[in-house]
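The structure appears right after this line, and notes come after that.
The values are calculated or read from the model by the stated rules, or taken from the named source; none is laboratory data. Keep in mind that what you see is a predicted model, and the values were worked out from it rather than measured. Virtual Cβ from ideal backbone geometry, glycine too; neighbours counted across all protein chains shown. Protein only, heavy atoms only, side chains kept; ligands, DNA and RNA dropped before computing areas. Shrake-Rupley method; radii C 1.70, N 1.55, O 1.52, S 1.80 Å.
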Amino acid sequence: MKIQLITPLPSLVNYVSSIVVLESENLSVDTTLPLIAKGYPSVVFQLTASHVKMDNLVLYGQNIRPILLPVSGSALIIAFFLYPHTLKALFGWSAKELTDLSVDISLAEPARGMHLREQLLNAASLEQRLALMNDYLLRLTAPRKLELNQPVLFATRLIQQHNGALSMLKVQQELYVTERTLQRMFDLHVGVSPKTFGRICQFDAALQQLSRNGFTDMAGVAFQHGYADQSHLIRAFRDFTGLTPLEYQQAATDFPS
C-alpha cells in the first residue's frame, strides 16, 4: 500500500495537523486497516471496492478503541487529521459526543450544499480530491475566523510536548484552573479526559519508537516513556489496539502491501 504525507495549506495549518493518503492498486484479499488512537480526530474520504458497504465521507472523533477501515481491491483513503482542540469550533458539536464514533458528514452543511461526496466520487485525480476537501474545510472556517479555545490548545500542546508523561496537576497549575474545569473543557473541545489524552499521547510515542526499532527492547521503551514496567506498556497495547505487541507486529507484517 502506497502512503503519502501531504503538508496542509497555510490557510488551514491552525486546524489541520497533517494529511495522509493511502492507495492500493489491487489488494488480493478483503481486509481492514486499523486506525489506532493518536489524539487527532479526522475527516476521511474512503473509496474501495463497491461490494464493501461503507460511508465515503466521514468525521471520526477521538478514538480510544481502534477504528477498522474496510479495504478491498483498489482502495483510496484520504485523511485530514485535525488538531485535538478543533472539533467544537469546526463542527459545533460537543467533542465528547463523537468519541469512538464516526459521523457521515455528506448530508451536513456545507458538504451537502457543495455535493462534496458526489464530487469526490466523480473526481478524476487525487489532486482534484485534495482540492475539494481543502475547499470544504476552508468553508468550515469561513466567513469568520473561528475562535479556538486557547486554554485547551495550550493544554493539549503541553501534554503532547511531554508525550503524555506529565502530571495533570501541572497542566491545571499552568492554566490556573481546577481539575473539574479542565475536565469540562476537555469534554467539550477534545472528547476525552486530560488523563486519557495523556495516555493516548504516551502510547503513541512508545508505539512510534517500537516501530522504529523493530519491537525490540520493550523494557527500555517502557522506561523511557514513563511506564512503570514492560507489563504496563503491554497493557496499554491491549487497551489501544486490542492486541499484544507481538500480535500487533505480526498483523502489520501480514497486512497486504
message: Once you place label points 7 Å from the Cα toward the Cβ at SER94 and THR244, how far apart are they in nm?
response: 4.0
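Looking at the square roots a ≥ b ≥ c of the eigenvalues of the Cα gyration tensor of region 133-197, which shape do they give, rounded for a/c under 1.5, prolate if a/b is larger than b/c, or oblate?
Values: a/c = 2.53, a/b = 2.04, b/c = 1.24.
It is prolate, given that a/c is not under 1.5 and a/b is the larger ratio.
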field: Extreme residue, positive dipole direction of the chain, given options ALA108, HIS85, LEU233 (C-beta unit charges)
entry: HIS85
task: Show the residues, 5+ positions off or on another chain, whose built amide H is closer than 5 Å to the amide H of VAL16.
output: TYR83
message: If amide hydrogens are placed 1.01 Å from N in the peptide plane, which non-local residues have theirs closer than 5 Å to the one on HIS162?
response: none
query: Using a 1.4 Å probe, what is the accessible area per residue for the chain, in Å²?
result: 50
- prompt: Over region 131-201, what percent of the accessible surface lies on carbon and sulfur atoms, probe 1.4 Å?
  reply: 52
- request: Give, rounded to the nearest 20 debye, the magnitude of the charge dipole that the chain has about its Cα centre when Lys and Arg contribute +1 at Cβ and Asp and Glu contribute -1 at Cβ.
  value: 640
query: In nm, what is the difference between 0.36 nm times the number of residues separating ARG235 and ALA219 and their Cα-Cα distance?
result: 4.5 nm
- prompt: Do any trypsin sites (Lys or Arg not before Pro) in region 56-165 lie in a loop, going by DSSP, with at most 16 other beta-carbon atoms within 10 Å of their beta carbon, and if so which?
  reply: ARG112, ARG144, LYS145
- request: Just check the chain against the gyration tensor rule for me: Cα atoms, a ≥ b ≥ c as the square roots of the eigenvalues, rounded for a/c under 1.5, and otherwise prolate or oblate depending on whether a/b exceeds b/c.
  value: oblate
task: Sort out the exposed loop GluC sites (Glu not before Pro) in the chain (DSSP loop, at most 11 other Cβ within 10 Å) and tell me the longest stretch that has none.
output: 26-146
Gyration tensor (alpha-carbon) shape descriptor, region 111-256, a/c threshold 1.5: oblate
